[in-house]
Every structure is written in structure tokens, then in C-alpha cells.
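The values are calculated or read from the model by the stated rules, or taken from the named source; none is laboratory data. Since we're looking at a predicted model, the values are computed, not measured. Neighbour counts run over all protein chains shown; Cβ positions are idealised from the backbone, glycine included. Please note that ligands, DNA and RNA were not included when accessible areas were found on the heavy atoms of the full protein model with its side chains. Shrake-Rupley method; radii C 1.70, N 1.55, O 1.52, S 1.80 Å.
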Amino acid sequence: NGAVPGERGKQDKSVKRGNWGNQIEFVLTSGGYAVGRGSVWRFPYLCYRNGGGAFMFPYFIMLVFCGIPLFFMELSFGQFASQGCLGVWRVSPMFKGVGYGMMVVSTYIGIYYNVVICIAFYYFFVSMTPVLPWTYCSNAWNTPDCAGVLDGNLSSRAAINLTRLLNATQKRTSPSEEYWRYRGEAGGWGRRCWQDPADAGCPPRRRYVLDLSDDIGNLGEVRLPLLGCLGVSWVVVFLCLIKGVKSSGKVVYFTAPFPYVVLTILFVRGITLEGALTGIMYYLTPQWDKILNAKVWGDAASQIFYSLGCAWGGLITMASYNKFHNNCYRDSIIISITNCATSVYAGFVIFSILGFMANHLGVDISKVADHGPGLAFVAYPEALTLLPISPLWSILFFFMLILLGLGTQFCLLETLVTAIVDEVGNEWIIRRKTFVTLGVAVVGFLLGVPLTTQAGIYWLLLMDNYAASFSLVVISCIMCVAIMYIYGHRNYFKDIEMMLGFPPPLFFQICWRFISPAIIFFILVFTVIQYRPISYNDYIYPTWAISIGFLMALSSVICIPIYAIYKVCRSEGDTLLERLKNATKASKDWGPALAEHRSGRYAPAFSSSTESHLEVQPLQPEKGRSEAAAASPVQGSNGSAHSQDSRL
């Protein structure tokens with residue numbers, strides 16, 4: 001059961017909060033949390049843009065010196081205290097604002113992340129047709145500039161004309177891009193209407209999936225298909241978390257491994273296509289001169305940091321449901337390496353198909369390569385139309401995106417619910433945790449409705465670029481400093497030794513104290529230096545929208561100084577120095593949650609302040625009742641009663 005030698009009688013379970021059914025559930029859940037959409041639609045693009053195979057070198061360097069150590073720190077932090085992102089800060093109460101900052105970040109990400117899932121749901125549903133809707137240019141939403149790879153006669157002459165159109169005019173838009181952006185009304189937009197939109201016989205010019213407006217401030221109408229899919233995605237997330245980790249731990253047996261099945265199917269299909277090898281070579285061919293470019297190292301560090309989900313609060317929350325003696329050191333290495341290997345593997349899947357598409361069009365692969373929504377909902381769907389039985393491949397691809405998104409969304413929602421339940425902490429709310437989950441899901445759905453409007457994609461990208469960017473770096477850096485230098489690295493190393501049976505390896509001790517904080521600071525500086533105002537295609541965001549983005553980023557960071565000031569003001573002491581000392585000192589109830597694990601300096605001296613936070617369990621519950629009945633109290637010499645059985 002994960003207990004260390006000499007503790008065979010301990011149950012190592014938390015009846016009050018619950019635990020994972022087994023360690024496989026934890027590994028699958030944490031792996032699904034870390035392996036998200038960024039592994040598919042961001043890493044391959046960064047790799048080919050930053051020197052192909054040469055990018056792998058700084059990428060794995062950052063994984064070893066920053067990714068794995070931070071991952072291990074958060075897992076061990078949550079597992080030792082068996083608390084969510086708020087409760088763990090009993091270690092140094094003044095820094096509880098870090099936990100609130102994690103909650104704010106998880107709220108932002110949870111809102112827009114489910115909108116991405118809902119768009120994947122939409123494409124998944126519309127793919128269930130004999131012909132994919134974005135295959136040809138003969139639809140009502142298409143423009144005169146539309147040039148589909150399957151339109152007309154697929155002779156060499158058509159390919160030459162299409163290549164000329166791509167290289168010379170650069171006005172060609174694909175059917176998938178116009179499907180993503182445009183929608184025609186009844187009767188469609190013929191060439192006459194495009195030339196003279198004011199013609200009385202022409203319907204209003206509109207768009208299809210996004211019904212994209214011309215400005216972020218022009219919300220327009222709610223896209224009802226997307227709203228319905230958003231409701232479906234939130235219902236799925238709620239049902240999977242209806243019993244907390246007990247239900248989500250069973251769901252991940254399917255949601256975590258199945259994306260790898262789909263990736264493998266798409267990979268096998270991709271490498272059999274003409275031009276696939278060219279795409280893969282474009283993805284992997286090293287350009288060693290780019291290693292000396294600071295931007296390459298910055299991109300590698302940022303991708304490692306963001307893809308592993310550090311500072312979101314999810315890792316701490318998931319680890320808090322582990323048994324106390326679980327080997328989270330082993331788990332952190334397995335999950336981190338699996339995440340990075342998945343990113344590399346996804347690159348083969350993406351670029352084999354894009355290489356085939358570039359070969360079919362007769363253009364350089366850089367003309368079809370993209371990232372983010374442009375890859376997931378424009379470039380890759382268009383490439384899928386070239387495959388036989390294209391609806392099948394489209395269904396598999398978007399189902400994979402849905403599962404990758406759900407794996408992350410489960411942890412985001414559970415992070416918020418666990419933080420609320422742990423903070424209140426009484427039996428009433430613990431018994432009604434399902435209703436807390438429902439309430440958070442309903443609020444998340446309502447806050448996501450504006451992202452399904454005609455300007456929704458503008459707001460989604462604004463949140464993606466600002467709400468979870470440099471604020472995560474600041475939160476992670478302060479967490480490292482608080483644990484290593486305020487609480488004390490020696491204390492923390494002893495805690496880990498008490499929990500795992502061995503201290504953290506010397507390499508991790510050095511990384512936690514020096515190397516990882518330095519890399520995090522480098523990421524922060526790099527983010528500031530490389531900052532460019534956000535844009536979407538040709539649309540430049542107005543100043544007021546960018547200001548809102550910065551406010552979203554600051555809203556999570558500002559929690560840290562606000563709570564620190566509040567805590568110092570409420571702490572005991574006659575001078576400011578005394579108040580600071582008391583505010584940063586670990587509270588009396590910091591330590592293992594179960595009384596059976598509190599030994600050494602955590603041996604409980606029960607009082608009203610500590611007893612309420614500890615879960616006391618019999619060492620052998622099956623014998624508890626019978627032995628209690630058999631044991632008769634006798635009168636001691638000091639007049640107090642005690643049991644004949646010293647074990648009780």
C-alpha cells in the first residue's frame with residue numbers, strides 16, 4: 001500500500017478526503033493533465049521554426065534542469081500535506097496568496113479551455129458526413145478567392161495553376177479556412193454578390209463556424225451551435241467529476257491512453273503517404289546555428305514550463321489524493337518524460353500529413369505549416385480531405401483533441417473544487433462536494449458564453465496569451481523561494497525523507513535551490529523582452545483590449561501581495577519584524593494530514609486548533625470495535641482512567 005518498512009499496520013488512507021483507487025489512476029490523470037493541446041498544436045511548430053532537430057537539445061536540457069524538478073516539487077508538496085493549492089500554504093501562511101493566484105489562473109484557463117473543447121466537439125459532429133463540409137469551394141460561404149485542393153480536375157495542369165495561384169497572388173484561401181471563418185445565408189454568395197454586396201438580391205455577408213465579427217468589441221450574436229457544444233462539454237466534465245477523483249480516476253483509463261491509439265493510427269497512415277518523408281525531414285533536420293540564438297532557448301524553456309502545467313495548482317491538487325508514502329519522485333520522472341515524448345511523437349504525426357499536403361500542392365511546407373487554432377481547425381482538416389475515407393480520419397483527429405482537452409479540464413475543475421472544499425473543511429461541505437462541482441461547472445459555462453459569440457475567438461486568444469503567461473512564471477518563482485528559503489530547504493528535505501523514506505537526490509536539491517529559480521527568472525525576462533502585442537491574422541488588437549489582457553494577468557499575481565499584507569496585519573507581534581516572522585512561520589497544523597504519519601517534530605500536541613485538521617484513524621479498523629469492548633478502564637494512581645490495552 002505504499003507504506004515504508006516498519007509501518008505495516010498503517011492504512012495510509014484518508015477516509016475524509018478520499019484517495020486514488022490505485023497509483024495507475026494518479027499517473028494517468030496527471031499524464032492527461034500535462035499532455036494537452038500544446039503537445040499537438042504548439043510544440044511541432046516551435047520545433048521546425050527553431051531549428052528542427054537542433055531544438056531538441058535545449059528542449060531536453062530545460063526538461064532536466066527545470067521541468068522535472070518543478071514537477072517533483074509540486075507533487076511532493078501536495079502529497080505531503082494532503083491539501084489542495086490553498087491548504088498547502090500552512091507551510092508559510094503569508095504566501096497563501098500564491099494558492100489564490102493558482103485558483104485565478106485555473107479559473108481563466110478552465111473557462112477558455114472548454115471553449116476549445118466545444119469547437120473540437122463541433123468539428124467532431126459535422127465530420128459525420130459522407131463528404132467533409134470543407135472539402136470543396138462550392139458552398140454558400142465560399143468566396144471567389146477559394147481554391148480547394150480537390151476542386152475541379154486534379155490533373156497536373158490544375159496543380160500547376162494552383163501552385164501559380166499560391167506563389168504569385170498569395171490570395172488563395174482554402175475551403176477549410178473559409179469554413180472556419182465565413183458563412184453564407186440562404187441562396188449563398190455567388191460571384192455577383194461578392195462583386196456587388198449592395199445588390200438587393202444578395203443576402204447579408206456572414207460566416208460559418210465562428211461567424212467572425214470585425215472587432216473584439218463587436219460581440220454580435222451567440223453562435224448557437226457552439227453554445228450547444230459548450231453545454232455538452234461542461235456536462236461531460238461534470239459527469240466525469242461527479243464523485244471527485246473516485247469517478248475521474250476511472251474515466252482516465254480511457255481518456256488518457258486512447259489519444260495515443262489515435263496518434264499511432266494517424267502516424268501509420270501518414271508515413272505511407274507521398275511526401276510524408278519530406279515533411280518529417282523538415283520537422284527534424286537540425287539547424288545547429290540556431291542553438292546560439294537566445295530565442296530558441298527561451299522558446300524551449302517556455303514550452304517545457306507551460307506544457308507540464310506547473311503553477312496551475314493542478315499538480316498539487318492531484319498529488320494531495322495520493323497515499324502519504326507514494327513514490328511521487330518516480331511518478332514525476334515518468335509523467336514528465338512521457339509528456340515530452342508525446343510532444344515529439346505528435347510532431348511526426350502532424351508533419352507527415354502536412355508534408356503530403358505540401359507535396360500535393362507543389363509548394364514548400366512552410367506555406368501549409370501553422371500552429372494553434374490555425375493548425376487544429378484549418379491546416380490539418382484540409383490535409384485530411386486528401387485522404388481516402390476522410391470523414392473517418394477527421395472523426396479520429398477531433399476525438400483525440402477532445403480527449404486531450406478533457407484530461408486537462410478534469411484537473412482544472414478539480415483544482416477549484418478541492419481548494420473550496422479544503423478551505424471550508426467542515427463535514428457539511430465535504431458531503432456536498434458534488435453540488436460544489438455542479439456550481440463551479442455552471443459558473444464556468446456561463447462565463448464561457450461570451451466566447452461563443454462572433455467575437456469569441458478574439459477573447460479566447462486574448463485570455464490564452466495573457467491570463468496564463470508571465471503570471472505563471474511569477475507564481476512559480478515565488479513558490480520556489482517560499483519553500484526553499486522561507487520555510488527552509490533543510491526542513492523540506494526532511495519532510496520528503498519522512499514521506500518517501502529517502503531524501504531528494506542531490507541533483508534535485510541543487511536545482512530547487514539555484515538552477516530552477518534561475519531558469520524561471522530567465523523565462524520571465526525572456527517573456528518581457530520578446531513581448532509583442534497580440535494579433536489574430538491581420539487583425540490588430542486595440543489598446544483597450546490589450547489593457548484588459550494585462551489586467552487579467554495581474555489579477556492572479558496581485559493576490560500574493562494583497563494576502564501577504566493582510567496576513568502580516570493580522571499576525572501577532574509588537575513590531576513589523578515580529579509580525580513578519582509570525583506570518584511566515586509554519587502553522588501548527590502544517591504537516592501530514594493523518595495523525596498516524598505525524599511523528600518527530602510533527603508529533604501532535606492536541607488542542608482545539610490542531611485537532612480539527614487532523615484525521616485520526618485506528619491502526620487496525622477491523623479490530624477496533626472488538627478490542628474497545630474487551631478493554632475495561634482501570635483507575636490509575638493519579639485518579640485518571642486508562643485502558644488495560646496499551647495499543648488503544
Would you check which residues across the range 385-428 are β-branched (Val, Ile, Thr), free of Cβ contacts under 8 Å to residues at least 40 places away in the same chain and within 29 Å of residue 257 (Cα to Cα) and list them?
389
Does residue 508 fit the bill of being in contact (Cβ under 8 Å) with a residue 12 or more places away in the chain, within 26 Å of the chain's Cα centre (by Cα) and assigned to a helix (DSSP H, G or I)?
yes
Could you list, in sequence order, the residues of the range 354-378 that are within 23 Å of the chain's Cα centre (by Cα), touching a residue at least 24 places away in the same chain (Cβ under 8 Å) and open to solvent by less than 30 Å² (accessible area, probe 1.4 Å)?
372, 373, 375, 376, 377, 378
Would you confirm whether any residue within the range 76-94 is part of a helix (DSSP H, G or I), open to solvent by less than 10 Å² (accessible area, probe 1.4 Å), of a type in the set (Phe, Trp, Tyr) and closer than 23 Å to residue 334 by Cβ?
yes
With 265, 304 as the choices, which residue is surrounded by fewer than 23 Cβ atoms within 10 Å (Cβ to Cβ) and closer than 29 Å to residue 31 by Cα?
265
Only one of 513, 532 is in a helix (DSSP H, G or I) and among the basic types (Lys, Arg); which?
513
Qualifying position, being in contact (Cβ under 8 Å) with a residue 12 or more places away in the chain, within 21 Å of residue 395 (Cα to Cα) and among the charged types (D, E, K, R), among 223, 269:
269
Inspect the range 106-113 for any residue being crowded, with 23+ Cβ neighbours inside 10 Å and either small (Gly, Ala, Ser) or modelled with pLDDT under 75 (or both) and give the result as yes or no.
yes
Within the bounds of the range 410-428, is there any residue that is in a helix (DSSP H, G or I) and out of contact with any helix residue (DSSP H, G or I) (no Cβ under 9 Å at 6 or more places or on another chain)?
yes
Only residues that are open to solvent by 100 Å² or more (accessible area, probe 1.4 Å) and out of contact with any helix residue (DSSP H, G or I) (no Cβ under 8 Å at 6 or more places or on another chain): list them for the range 571-584, please.
574, 577, 581
By residue number, the members of the range 449-499 that are open to solvent by less than 50 Å² (accessible area, probe 1.4 Å) and polar (S, T, N, Q) are 452, 453, 454, 469, 471, 476
Candidate set: the range 414-448, residues that are open to solvent by 10 Å² or more (accessible area, probe 1.4 Å) and among the polar types (S, T, N, Q); chosen: the one farthest from residue 209 (Cα to Cα)
426
Check whether at least one residue in the range 116-130 is farther than 21 Å from residue 237 by Cβ and surrounded by 24 or more Cβ atoms within 10 Å (Cβ to Cβ), and report yes or no.
no
Collect the residues in the range 20-61 that are open to solvent by 10 Å² or more (accessible area, probe 1.4 Å), in contact with a Cys (Cβ under 9 Å, 6 or more places away or on another chain) and either of a type in the set (A, V, I, L, M) or under 28 Å from residue 512 (Cβ atoms) (or both), keeping them in residue-number order.
32, 56, 60
Number of the condition not met by residue 321 [criteria: (1) in a helix (DSSP H, G or I); (2) among the hydroxyl-bearing types (Ser, Thr, Tyr); (3) at pLDDT 90 or above]:
(1)
Restricting attention to the range 511-521, the residues that are buried (at least 16 other Cβ atoms within 10 Å of the Cβ) and under 22 Å from the mean Cα position of the chain (by Cα) number exactly 4
Let me confirm something: among 126, 131, 116, 64, which residue is out of contact with any Cys (no Cβ under 8 Å at 6 or more places or on another chain) and under 20 Å from residue 461 (Cα atoms)?
116
Consider the range 526-541. How many of its residues are on the phi < 0 side of the Ramachandran plot and either in contact with a Leu (Cβ under 6 Å, 6 or more places away or on another chain) or exposed (fewer than 13 other Cβ atoms within 10 Å of the Cβ) (or both)?
10
The range 429-457, residues that are free of Cβ contacts under 8 Å to residues at least 24 places away in the same chain, part of a helix (DSSP H, G or I) and of a type in the set (Lys, Arg)
431
Among the residues of the range 379-394, write down those that are within 30 Å of residue 535 (Cα to Cα) and either open to solvent by 20 Å² or more (accessible area, probe 1.4 Å) or among the small types (Gly, Ala, Ser) (or both).
379, 383, 394
Those residues that are open to solvent by 50 Å² or more (accessible area, probe 1.4 Å) and β-branched (Val, Ile, Thr), I need them from the range 250-262; list them, please.
261
Among the acidic types (Asp, Glu) and either modelled with pLDDT of 95 or more or touching a Ser or Thr at 6+ places or on another chain (Cβ under 7 Å) (or both): which single residue out of 627, 615, 611, 572 fits that description?
615
